[in-house]
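Accompanying notes for the structure given below.
The values are calculated or read from the model by the stated rules, or taken from the named source; none is laboratory data. Source: prediction; values computed, not measured. Using ideal geometry, Cβ is built from the backbone for each residue, glycine included, and neighbour counts are taken over all protein chains shown. Keep in mind that these areas ignore ligands, DNA and RNA; they rest on the heavy atoms of the full protein, side chains included. Shrake-Rupley method; radii C 1.70, N 1.55, O 1.52, S 1.80 Å.
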Amino acid sequence: MPTALRICPLCEATCGLTLTIEGSRVTGARGDREDVFSQGFICPKGAALPEVDADPDRLRGPLVRKDGRLQEATWEEAFDTIAARIRPLIEEYGPDAVGIVLGNPNVHTMAGALYPPLLIGALRTRNLFTASTIDQMPKHVSSGLLFGDPFAIPVPDLDRTDHLLILGANPLDSNGSLCTAPDFPGRLKALRRRGGTLTVVDPRRTRTARLADRHVAIRPGADALLLAALVHTLFEEDLTDLGPLAAQVEGVEEVREAVRDFRPEAVAEACDVDADTIRVLARELAAAPTAAVYGRMGSSTVAHGTLGNWLVDVLNILTGNLDRAGGALFPLSATAPAPRPAGPGRGFALGRRHSRVSHHPEVKGELPMVALAEEIETPGEGRIRALVT
Ligand code: SF4
(Lines give C-alpha, C1' and ligand atoms only; values in the text may rest on other atoms or scores of the structure.)
Protein backbone atom coordinates (compact mmCIF):
# COMPACT_ATOMS: atom_id res chain seq x y z
CA MET A 1 0.00 0.00 0.00
CA PRO A 2 1.47 3.43 -0.88
CA THR A 3 2.46 5.61 2.02
CA ALA A 4 3.20 9.33 2.29
CA LEU A 5 5.15 11.26 4.89
CA ARG A 6 3.29 14.27 6.22
CA ILE A 7 3.18 16.58 9.23
CA CYS A 8 0.10 16.39 11.44
CA PRO A 9 -1.63 19.78 11.11
CA LEU A 10 -3.84 19.43 14.17
CA CYS A 11 -1.59 21.06 16.76
CA GLU A 12 1.72 22.83 17.03
CA ALA A 13 3.59 19.68 18.03
CA THR A 14 3.67 19.02 14.26
CA CYS A 15 4.29 15.29 14.65
CA GLY A 16 5.63 13.40 11.65
CA LEU A 17 3.05 11.00 10.20
CA THR A 18 3.25 8.05 7.86
CA LEU A 19 -0.06 8.01 6.01
CA THR A 20 -1.41 5.00 4.14
CA ILE A 21 -3.03 6.06 0.89
CA GLU A 22 -5.62 4.07 -1.07
CA GLY A 23 -6.56 5.89 -4.24
CA SER A 24 -7.40 9.39 -3.07
CA ARG A 25 -8.23 8.31 0.48
CA VAL A 26 -6.16 8.26 3.63
CA THR A 27 -6.80 4.91 5.27
CA GLY A 28 -4.16 4.84 7.98
CA ALA A 29 -1.97 7.17 10.07
CA ARG A 30 0.91 6.20 12.30
CA GLY A 31 3.81 8.05 13.84
CA ASP A 32 6.90 8.43 11.65
CA ARG A 33 9.77 6.88 13.62
CA GLU A 34 12.31 8.62 11.38
CA ASP A 35 10.94 12.08 12.19
CA VAL A 36 13.81 13.79 13.99
CA PHE A 37 11.46 15.70 16.21
CA SER A 38 8.52 13.46 17.11
CA GLN A 39 10.36 10.12 16.73
CA GLY A 40 7.20 8.11 16.07
CA PHE A 41 4.95 9.75 18.65
CA ILE A 42 1.34 10.26 17.66
CA CYS A 43 -1.67 11.16 19.79
CA PRO A 44 -5.29 10.00 19.30
CA LYS A 45 -6.10 13.12 17.26
CA GLY A 46 -3.36 12.38 14.73
CA ALA A 47 -4.33 8.70 14.61
CA ALA A 48 -7.90 9.77 13.75
CA LEU A 49 -6.86 11.61 10.58
CA PRO A 50 -8.27 8.84 8.30
CA GLU A 51 -11.67 9.36 9.95
CA VAL A 52 -11.39 13.12 9.43
CA ASP A 53 -10.48 12.46 5.80
CA ALA A 54 -13.51 10.17 5.34
CA ASP A 55 -15.95 12.41 7.22
CA PRO A 56 -18.89 13.01 4.85
CA ASP A 57 -19.24 16.55 6.24
CA ARG A 58 -15.67 17.50 5.32
CA LEU A 59 -15.45 20.25 2.74
CA ARG A 60 -13.96 18.67 -0.39
CA GLY A 61 -14.20 21.56 -2.82
CA PRO A 62 -15.44 25.13 -3.10
CA LEU A 63 -19.03 26.06 -2.36
CA VAL A 64 -20.51 29.22 -3.85
CA ARG A 65 -23.77 30.72 -2.65
CA LYS A 66 -26.23 30.82 -5.53
CA ASP A 67 -29.92 31.57 -5.19
CA GLY A 68 -29.45 31.85 -1.43
CA ARG A 69 -27.94 28.39 -1.07
CA LEU A 70 -24.35 27.11 -0.93
CA GLN A 71 -23.69 25.02 -4.03
CA GLU A 72 -20.70 23.02 -5.22
CA ALA A 73 -18.53 24.89 -7.70
CA THR A 74 -15.23 24.49 -9.53
CA TRP A 75 -12.14 26.25 -8.24
CA GLU A 76 -12.21 28.47 -11.33
CA GLU A 77 -15.78 29.53 -10.58
CA ALA A 78 -14.90 30.15 -6.95
CA PHE A 79 -11.87 32.31 -7.74
CA ASP A 80 -13.83 34.22 -10.39
CA THR A 81 -16.60 34.89 -7.86
CA ILE A 82 -14.11 36.13 -5.26
CA ALA A 83 -12.38 38.40 -7.79
CA ALA A 84 -15.68 39.74 -9.08
CA ARG A 85 -17.04 40.58 -5.66
CA ILE A 86 -14.05 41.65 -3.58
CA ARG A 87 -12.53 44.16 -5.97
CA PRO A 88 -15.67 46.36 -6.23
CA LEU A 89 -15.99 46.31 -2.43
CA ILE A 90 -12.41 47.53 -2.01
CA GLU A 91 -12.88 50.15 -4.71
CA GLU A 92 -16.02 51.49 -3.06
CA TYR A 93 -15.20 51.16 0.64
CA GLY A 94 -11.41 50.85 0.82
CA PRO A 95 -9.15 47.91 1.77
CA ASP A 96 -10.46 47.68 5.36
CA ALA A 97 -13.79 46.49 3.96
CA VAL A 98 -12.17 43.05 3.79
CA GLY A 99 -11.45 41.35 7.09
CA ILE A 100 -9.05 38.44 7.50
CA VAL A 101 -9.29 35.79 10.20
CA LEU A 102 -6.42 33.34 10.60
CA GLY A 103 -7.08 30.26 12.69
CA ASN A 104 -4.63 28.15 14.63
CA PRO A 105 -3.63 25.64 11.91
CA ASN A 106 -1.99 28.44 9.93
CA VAL A 107 0.98 28.17 12.24
CA HIS A 108 1.14 24.37 12.06
CA THR A 109 2.25 24.11 8.44
CA MET A 110 4.93 25.75 6.32
CA ALA A 111 2.38 26.88 3.71
CA GLY A 112 0.15 28.31 6.40
CA ALA A 113 3.04 30.31 7.79
CA LEU A 114 4.39 31.47 4.42
CA TYR A 115 1.39 32.53 2.35
CA PRO A 116 -1.00 34.52 4.60
CA PRO A 117 1.45 37.45 4.86
CA LEU A 118 1.39 37.71 1.05
CA LEU A 119 -2.42 37.75 1.02
CA ILE A 120 -2.57 40.32 3.83
CA GLY A 121 -0.05 42.48 1.97
CA ALA A 122 -2.00 42.21 -1.29
CA LEU A 123 -5.34 43.10 0.29
CA ARG A 124 -3.80 45.93 2.38
CA THR A 125 -6.50 45.53 5.01
CA ARG A 126 -5.89 46.52 8.60
CA ASN A 127 -8.79 44.38 9.79
CA LEU A 128 -6.72 41.37 10.73
CA PHE A 129 -7.83 38.91 13.42
CA THR A 130 -6.11 35.70 14.50
CA ALA A 131 -6.42 32.98 17.10
CA SER A 132 -3.62 34.72 19.05
CA THR A 133 -6.14 37.02 20.69
CA ILE A 134 -8.14 34.03 21.90
CA ASP A 135 -5.40 32.54 24.04
CA GLN A 136 -1.89 33.91 23.80
CA MET A 137 -1.69 37.63 23.08
CA PRO A 138 -0.62 38.38 26.68
CA LYS A 139 2.53 36.36 26.01
CA HIS A 140 3.26 38.30 22.81
CA VAL A 141 2.79 41.60 24.62
CA SER A 142 4.99 40.64 27.57
CA SER A 143 7.69 39.29 25.23
CA GLY A 144 7.51 42.45 23.15
CA LEU A 145 7.89 44.64 26.22
CA LEU A 146 10.60 42.48 27.80
CA PHE A 147 12.66 41.43 24.80
CA GLY A 148 11.66 43.90 22.09
CA ASP A 149 10.12 41.18 19.91
CA PRO A 150 6.62 39.78 20.46
CA PHE A 151 7.66 36.50 18.87
CA ALA A 152 10.68 35.98 21.15
CA ILE A 153 8.78 33.61 23.42
CA PRO A 154 10.97 31.51 25.71
CA VAL A 155 9.94 27.85 25.96
CA PRO A 156 10.90 25.40 28.71
CA ASP A 157 13.81 23.11 27.90
CA LEU A 158 11.72 20.06 28.77
CA ASP A 159 14.36 17.46 28.02
CA ARG A 160 17.07 18.95 30.22
CA THR A 161 15.42 20.93 32.99
CA ASP A 162 15.65 19.82 36.62
CA HIS A 163 12.57 21.67 37.79
CA LEU A 164 9.48 22.70 35.88
CA LEU A 165 6.82 25.03 37.27
CA ILE A 166 3.70 24.97 35.09
CA LEU A 167 0.84 27.44 35.47
CA GLY A 168 -2.49 27.19 33.71
CA ALA A 169 -1.51 24.42 31.30
CA ASN A 170 -2.61 20.84 31.03
CA PRO A 171 -0.25 19.31 28.46
CA LEU A 172 -1.25 15.75 29.34
CA ASP A 173 -4.54 16.51 27.62
CA SER A 174 -3.60 19.31 25.22
CA ASN A 175 0.04 18.39 24.44
CA GLY A 176 0.94 21.97 25.35
CA SER A 177 1.06 25.14 23.32
CA LEU A 178 3.58 27.88 22.57
CA CYS A 179 6.06 25.08 23.18
CA THR A 180 6.32 22.73 20.22
CA ALA A 181 7.02 19.39 21.86
CA PRO A 182 5.74 16.13 20.41
CA ASP A 183 4.92 13.75 23.25
CA PHE A 184 4.85 16.49 25.87
CA PRO A 185 3.38 13.96 28.38
CA GLY A 186 6.28 11.55 27.76
CA ARG A 187 8.77 14.37 28.24
CA LEU A 188 7.19 15.27 31.61
CA LYS A 189 7.36 11.65 32.71
CA ALA A 190 11.02 11.53 31.61
CA LEU A 191 11.70 14.66 33.69
CA ARG A 192 10.43 12.87 36.77
CA ARG A 193 12.29 9.63 35.91
CA ARG A 194 15.61 11.49 35.77
CA GLY A 195 14.97 12.92 39.24
CA GLY A 196 13.56 16.29 38.22
CA THR A 197 10.56 17.86 39.89
CA LEU A 198 7.30 19.01 38.41
CA THR A 199 5.04 21.56 40.10
CA VAL A 200 1.65 22.40 38.64
CA VAL A 201 -0.36 25.48 39.60
CA ASP A 202 -3.94 25.00 38.44
CA PRO A 203 -7.35 25.43 40.05
CA ARG A 204 -8.31 22.00 38.75
CA ARG A 205 -6.67 18.71 39.60
CA THR A 206 -5.95 17.99 35.95
CA ARG A 207 -4.16 14.91 34.62
CA THR A 208 -0.96 17.00 34.54
CA ALA A 209 -1.55 18.05 38.15
CA ARG A 210 -1.98 14.39 39.14
CA LEU A 211 1.39 13.58 37.57
CA ALA A 212 3.17 16.39 39.41
CA ASP A 213 5.27 16.23 42.59
CA ARG A 214 3.27 19.17 43.85
CA HIS A 215 -0.11 20.49 42.83
CA VAL A 216 -1.06 23.98 44.00
CA ALA A 217 -4.81 24.48 43.59
CA ILE A 218 -4.85 28.24 43.18
CA ARG A 219 -8.00 30.34 43.07
CA PRO A 220 -8.89 30.96 39.37
CA GLY A 221 -7.44 34.21 38.05
CA ALA A 222 -4.93 34.74 40.88
CA ASP A 223 -1.77 33.67 39.00
CA ALA A 224 -0.30 37.18 38.76
CA LEU A 225 -0.62 37.61 42.53
CA LEU A 226 1.09 34.30 43.21
CA LEU A 227 3.87 35.07 40.73
CA ALA A 228 4.41 38.52 42.23
CA ALA A 229 4.74 36.90 45.66
CA LEU A 230 7.29 34.42 44.27
CA VAL A 231 9.32 37.33 42.89
CA HIS A 232 8.96 39.13 46.22
CA THR A 233 10.26 36.06 48.07
CA LEU A 234 13.28 35.76 45.78
CA PHE A 235 14.25 39.33 46.65
CA GLU A 236 13.34 39.06 50.33
CA GLU A 237 15.40 35.90 50.88
CA ASP A 238 18.23 37.04 48.64
CA LEU A 239 17.65 34.16 46.24
CA THR A 240 18.06 35.99 42.95
CA ASP A 241 21.00 34.95 40.80
CA LEU A 242 20.97 36.27 37.27
CA GLY A 243 24.32 34.72 36.37
CA PRO A 244 25.60 35.82 32.94
CA LEU A 245 22.25 37.52 32.29
CA ALA A 246 23.14 40.26 34.77
CA ALA A 247 25.17 42.10 32.15
CA GLN A 248 22.16 42.36 29.85
CA VAL A 249 19.25 42.88 32.21
CA GLU A 250 17.98 46.30 33.16
CA GLY A 251 15.37 47.27 35.72
CA VAL A 252 15.94 44.69 38.47
CA GLU A 253 15.69 47.29 41.20
CA GLU A 254 12.46 48.63 39.70
CA VAL A 255 11.01 45.11 39.83
CA ARG A 256 12.10 44.72 43.45
CA GLU A 257 10.28 47.95 44.26
CA ALA A 258 7.18 46.95 42.25
CA VAL A 259 6.66 43.72 44.21
CA ARG A 260 7.61 45.13 47.61
CA ASP A 261 4.04 44.86 48.94
CA PHE A 262 3.35 41.42 47.50
CA ARG A 263 4.40 39.42 50.54
CA PRO A 264 3.16 35.82 50.50
CA GLU A 265 1.02 36.62 53.55
CA ALA A 266 -0.57 39.52 51.66
CA VAL A 267 -1.69 37.40 48.69
CA ALA A 268 -2.35 34.07 50.41
CA GLU A 269 -6.06 34.57 50.92
CA ALA A 270 -6.67 35.96 47.41
CA CYS A 271 -4.73 33.04 45.91
CA ASP A 272 -6.13 30.48 48.33
CA VAL A 273 -2.54 29.27 48.73
CA ASP A 274 -0.88 29.49 52.13
CA ALA A 275 2.15 31.72 52.55
CA ASP A 276 4.47 28.86 53.49
CA THR A 277 3.70 27.05 50.24
CA ILE A 278 4.43 30.22 48.25
CA ARG A 279 7.81 30.57 49.96
CA VAL A 280 8.61 26.90 49.30
CA LEU A 281 7.77 27.34 45.60
CA ALA A 282 10.19 30.28 45.37
CA ARG A 283 12.94 28.45 47.26
CA GLU A 284 12.60 25.33 45.11
CA LEU A 285 12.80 27.43 41.98
CA ALA A 286 15.96 29.16 43.18
CA ALA A 287 17.61 25.99 44.49
CA ALA A 288 17.15 23.81 41.40
CA PRO A 289 20.32 23.42 39.30
CA THR A 290 18.19 24.43 36.31
CA ALA A 291 14.54 25.40 36.25
CA ALA A 292 11.88 26.77 33.93
CA VAL A 293 8.59 28.50 34.58
CA TYR A 294 5.97 27.86 31.89
CA GLY A 295 2.62 29.63 31.93
CA ARG A 296 -0.01 28.98 29.32
CA MET A 297 -3.58 29.50 28.38
CA GLY A 298 -5.07 29.45 31.87
CA SER A 299 -2.67 32.18 32.95
CA SER A 300 -3.32 34.20 29.77
CA THR A 301 -7.10 34.26 29.54
CA VAL A 302 -7.59 36.10 32.83
CA ALA A 303 -7.85 39.72 33.87
CA HIS A 304 -4.14 40.13 34.61
CA GLY A 305 -2.86 37.77 31.90
CA THR A 306 -0.22 40.10 30.49
CA LEU A 307 1.17 40.85 33.93
CA GLY A 308 1.21 37.14 34.79
CA ASN A 309 3.00 36.27 31.56
CA TRP A 310 5.55 39.00 32.19
CA LEU A 311 6.16 37.70 35.73
CA VAL A 312 6.73 34.17 34.37
CA ASP A 313 9.76 35.45 32.47
CA VAL A 314 10.81 37.77 35.27
CA LEU A 315 11.13 34.60 37.39
CA ASN A 316 13.11 32.88 34.63
CA ILE A 317 15.42 35.89 34.49
CA LEU A 318 15.87 36.42 38.24
CA THR A 319 16.82 32.75 38.73
CA GLY A 320 19.30 32.91 35.84
CA ASN A 321 17.29 30.39 33.86
CA LEU A 322 16.50 32.45 30.78
CA ASP A 323 18.32 31.40 27.63
CA ARG A 324 20.33 28.61 29.17
CA ALA A 325 20.23 24.82 28.84
CA GLY A 326 17.64 23.37 31.18
CA GLY A 327 15.93 26.72 31.54
CA ALA A 328 13.67 28.68 29.20
CA LEU A 329 15.10 28.95 25.71
CA PHE A 330 14.41 31.13 22.70
CA PRO A 331 13.48 28.80 19.84
CA LEU A 332 14.32 29.63 16.24
CA SER A 333 11.53 29.48 13.71
CA ALA A 334 11.96 27.73 10.38
CA THR A 335 9.99 30.39 8.53
CA ALA A 336 10.30 33.66 10.44
CA PRO A 337 13.40 35.83 10.76
CA ALA A 338 15.50 35.17 13.85
CA PRO A 339 14.82 37.49 16.78
CA ARG A 340 16.46 40.84 16.22
CA PRO A 341 19.97 41.11 17.57
CA ALA A 342 20.39 43.23 20.67
CA GLY A 343 20.86 46.89 20.00
CA PRO A 344 18.89 50.01 19.27
CA GLY A 345 15.85 49.43 17.13
CA ARG A 346 12.29 50.51 16.70
CA GLY A 347 11.33 48.55 19.79
CA PHE A 348 7.89 47.19 20.46
CA ALA A 349 4.76 49.28 20.30
CA LEU A 350 1.11 48.47 20.77
CA GLY A 351 -2.06 50.50 20.46
CA ARG A 352 -0.81 52.30 17.32
CA ARG A 353 -4.44 52.31 16.21
CA HIS A 354 -7.71 51.09 17.67
CA SER A 355 -10.70 49.11 16.53
CA ARG A 356 -13.50 51.16 15.05
CA VAL A 357 -16.39 50.23 17.34
CA SER A 358 -15.02 49.49 20.83
CA HIS A 359 -11.56 51.08 20.47
CA HIS A 360 -9.57 47.99 21.35
CA PRO A 361 -5.83 48.54 20.81
CA GLU A 362 -4.02 46.67 18.05
CA VAL A 363 -1.08 44.42 18.86
CA LYS A 364 1.22 43.06 16.13
CA GLY A 365 -1.11 44.70 13.62
CA GLU A 366 -4.02 42.57 14.89
CA LEU A 367 -7.31 43.50 16.44
CA PRO A 368 -8.84 41.23 19.07
CA MET A 369 -11.18 38.51 17.87
CA VAL A 370 -13.76 39.72 20.37
CA ALA A 371 -14.22 42.81 18.17
CA LEU A 372 -14.87 40.90 14.95
CA ALA A 373 -18.66 40.50 15.18
CA GLU A 374 -19.27 44.17 15.97
CA GLU A 375 -16.92 45.26 13.18
CA ILE A 376 -19.10 43.26 10.77
CA GLU A 377 -22.45 44.25 12.20
CA THR A 378 -22.00 47.94 13.04
CA PRO A 379 -22.82 50.20 10.07
CA GLY A 380 -20.52 53.06 9.17
CA GLU A 381 -17.25 53.86 7.50
CA GLY A 382 -14.68 51.10 7.84
CA ARG A 383 -17.24 48.33 8.32
CA ILE A 384 -16.11 44.82 7.35
CA ARG A 385 -18.15 43.70 4.34
CA ALA A 386 -16.22 40.61 3.23
CA LEU A 387 -14.32 38.06 5.29
CA VAL A 388 -11.42 35.84 4.26
CA THR A 389 -10.68 33.02 6.66
S1 SF4 B 1 0.28 15.82 19.34
FE2 SF4 B 1 -1.40 14.83 18.21
S3 SF4 B 1 -2.57 16.51 17.27
FE4 SF4 B 1 -0.59 17.33 17.90
S5 SF4 B 1 0.68 17.15 16.06
FE6 SF4 B 1 1.05 15.30 17.29
S7 SF4 B 1 -0.39 13.79 16.49
FE8 SF4 B 1 -1.08 15.81 15.77
I'd like the FRET efficiency for residue 239 and residue 131, computed as 1/(1 + (r/R0)^6) with the beta carbon distance as r and R0 of 45 Å, rounded to 0.05. 0.75
Shape of the range 155-329 from its Cα gyration tensor (a ≥ b ≥ c, root eigenvalues): rounded if a/c is under 1.5, otherwise prolate when a/b > b/c, or oblate? oblate
Within the accessible area of the range 3-54 (1.4 Å probe), percent carbon and sulfur: 55
Run the simple label-point estimate for residue 246 and residue 173 please: 7 Å along Cα→C-beta, distance reported in nm. 4.4
Assign one of three labels to the range 12-69, namely rounded, prolate or oblate, based on the Cα gyration tensor with a ≥ b ≥ c the square roots of its eigenvalues; rounded applies when a/c is under 1.5, prolate when it is not and a/b is larger than b/c, and oblate otherwise. prolate
Find how many whole Å separate the alpha carbon centroid of the range 1-48 from the alpha carbon centroid of the range 53-96. 31
Out of 179, 43, 15, any idea which swings most in a Gaussian network model of the chain, alpha carbons joined below 10 Å? 43
Can you spot the aspartates and glutamates whose alpha carbon is less than 13 Å from residue 45's alpha carbon? Ignore those fewer than 8 places along the same chain. 12, 53, 173, 183
Determine the per residue accessible area of the range 155-329 with all protein chains present and a 1.4 angstrom probe, expressed in square angstrom. 42
Under a GNM of the chain (C-alpha, springs under 10 Å), which listed residue has the highest mean-square fluctuation: 355, 143, 177? 355
Spelling out what I want: for every residue of the range 373-389, take phi, set θ = phi - 60°, compute 6.51 cos²θ - 1.76 cosθ + 1.60 (Karplus), and round to whole Hz; glycine and proline get x. 4, 6, 6, 7, 8, 7, x, x, 5, x, 5, 6, 10, 8, 10, 10, 9
Taking the Cα centre as origin and putting +1 on Lys and Arg beta-carbons and -1 on Asp and Glu beta-carbons, what dipole magnitude results for the range 3-54, to the nearest 20 debye? 60
Pseudo-spin-label distance residue 256 to residue 21, built 7 Å along Cα→Cβ, given in nm, is 6.3
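For the range 155-329, give the percent of accessible area contributed by carbon and sulfur heavy atoms, probe 1.4 Å, rounded to a whole number.
Using a 1.4 Å probe with all protein chains present, the range 155-329 comes out at 49 percent carbon and sulfur.
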Given the options 369, 137, 297, state which has the largest fluctuation in a GNM of the chain using a 10 Å cut-off (strictly under) for Cα springs. 369
Please list, in order, the residues from the range 180-195 whose amide nitrogen is less than 19 Å from a point placed 7 Å along the Cα→Cβ vector of residue 52. 180-185
Gyration tensor verdict on the chain (Cα atoms; rounded if a/c is under 1.5, prolate if a/b is larger than b/c, oblate otherwise): oblate
Compute the long axis of helix 275-287 from its Cα atoms, compare it with the longest principal axis of the Cα atoms of the chain, and write down the angle in degrees, 0 to 90, nearest 10. 80
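Please give the peptides 166-175, 273-282, 57-66 ranked by average Cβ packing (other Cβ atoms within 10 Å per residue), highest first, as a rough proxy for protection.
Answer by packing, highest mean first, reads 166-175, 273-282, 57-66.
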How do 265, 72, 377 stack up against each other in accessible area, from largest to smallest, with a 1.4 angstrom probe? 72, 377, 265
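Quick check for me: using +1 on Lys/Arg Cβ and -1 on Asp/Glu Cβ, what's the dipole size of the chain about its Cα centre, in debye to the nearest 20?
660
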Here the percent of antiparallel bridges among DSSP beta bridges lying wholly in the chain, to the nearest 5, is 50
